[in-house]
Amino acid sequence: WIKKRIERPTLERINHRRRNWNMSPHADLSETLSDAGYLSQWPPGFDFPLRACSTPVHYTGPTLSTAGRERISFPWSELTGDPVVYVSAGTVSDPQSYFEAIAAGCAELPVQLVITQGGGDHPARGSLPGDPLIVPFAPQLEVLKKSTMVITHASVNTALEALACGLPSICLPQRLDQFGTAIRLKRAGVALVLNQKNQTPQKIKEAVTQMLLTPGYSHAAKRYTQTRESKTSMQRTIGIVESTIKEKAHFQNG
């Protein structure tokens, strides 16, 4: 049920396009799988090595764009000038305890937390230690460009955008594919990962302090910066799709 709820917005967008092209809608995202290949927005060389398989996987890198995003206001004047630590929340709302542990861990550090509610009703502004800046949503790419690091449950979207902006992450995975994303970030040297047992204020404080004092994490993240190459990633993706369609058409026509 949770998986279907998470996938529903993506499935609806795909089916909207399919209807526009007089194609029958998909009942499930699994129906979008193709033996022609898979496209992944992970940067080349970032994922675990793959076993030999007949279906190719194309790593294109993030295809970032603000063109199709809703314009979101943000209280830029409330940024204090301290290093910004961006804390993202997901579509499936994280519990209050998740934010309380992060805020308590950072309250005594020389940083400013920026927390998004992700569409939920918590945490309420003024309810957390250290009085972090709390907003319902944020223009994520723009805020990331002003940030020093990210604290995330390790959703793929935030992980990709943090990498694209050259930012290291502290991962607090909660569910589903977040554990796999977190371990990939750690393997690449761009993240610290705290398992659920260690997601305490003290451990979070230690992780943030370590990341502030260890430039290696930022240096590693900057190797994956794709900001200048997002157009190239999109062109690469389009090229793969077009060449696959042409190959299939040629094969079918004999």
(request) Tell me, yes or no, whether the stretch 13-28 has at least one residue that is outside any loop (DSSP other than H, G, I, E, B) and of a type in the set (Ser, Thr, Tyr). (result) no
(message) Looking for something part of a loop (DSSP other than H, G, I, E, B) and at pLDDT 95 or above - is there at least one such residue anywhere in the stretch 154-170?
(response) yes
(message) Just to check your reading of the model, which residue among ASP131, ASP82 is charged (D, E, K, R) and either closer than 27 Å to TYR224 by Cβ or not assigned by TED's automatic domain parsing to the domain that holds LYS222 (or both)?
(response) ASP82
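Could we say that THR181 is out of contact with any His (no Cβ under 7 Å at 6 or more places or on another chain) and more than 20 Å from PHE46 (Cα to Cα) here?
No.
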(request) Take the stretch 154-181 and flag every residue that is under 24 Å from GLU108 (Cβ atoms) and touching a Lys or Arg at 6+ places or on another chain (Cβ under 8 Å). (result) CYS171
(message) Looking only at the stretch 10-50, how many residues end up being closer than 30 Å to ALA221 by Cα and in contact (Cβ under 8 Å) with a residue 40 or more places away in the chain?
(response) 8
(request) Answer yes or no: is there a residue in the stretch 134-142 that is at positive phi, of a type outside the set (Lys, Arg) and not assigned by TED's automatic domain parsing to the domain that holds ILE2. (result) no
(request) Taking only the stretch 155-177 into account, find how many residues are farther than 20 Å from SER218 by Cβ, surrounded by fewer than 21 Cβ atoms within 10 Å (Cβ to Cβ) and touching a residue at least 12 places away in the same chain (Cβ under 8 Å). (result) 5
(message) Any residue at all in the stretch 228-245 that's over 20 Å from the mean Cα position of the chain (by Cα), in the same structural domain as MET149 (by TED's automatic domain parsing) and buried (at least 17 other Cβ atoms within 10 Å of the Cβ)?
(response) no
(message) Please verify whether GLY81 is of a type outside the set (D, E, K, R), under 27 Å from GLY118 (Cα atoms) and not in a loop (DSSP other than H, G, I, E, B), treating the condition exactly as stated.
(response) no
(request) Could you grab the pairs with beta carbons closer than 6 Å, sequence gap of 6+ or different chains, first residue in the stretch 201-222 and among the charged types (D, E, K, R), second one at pLDDT 95 or above? (result) LYS203/LEU194; LYS205/GLY105
(message) Condition (residue is in the same structural domain as PRO168 (by TED's automatic domain parsing), touching a strand residue (DSSP E or B) at 6+ places or on another chain (Cβ under 7 Å), surrounded by fewer than 22 Cβ atoms within 10 Å (Cβ to Cβ) and not in a loop (DSSP other than H, G, I, E, B)) applied to the stretch 94-113: is it met by at least one residue?
(response) yes
(request) For the stretch 59-86, name all the residues that are modelled with pLDDT of 95 or more, β-branched (Val, Ile, Thr) and crowded, with 16+ Cβ neighbours inside 10 Å. (result) VAL84, VAL85
(request) Please enumerate the residues belonging to the stretch 166-190 that are among the basic types (Lys, Arg), more than 13 Å from the chain's Cα centre (by Cα) and under 14 Å from PHE48 (Cα atoms). (result) LYS186, ARG187
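The values are calculated or read from the model by the stated rules, or taken from the named source; none is laboratory data. No experiment lies behind these values; they were computed from the predicted model shown. Every residue, glycine as well, gets a Cβ built from its backbone with ideal geometry; the counts of neighbours run over all protein chains shown.
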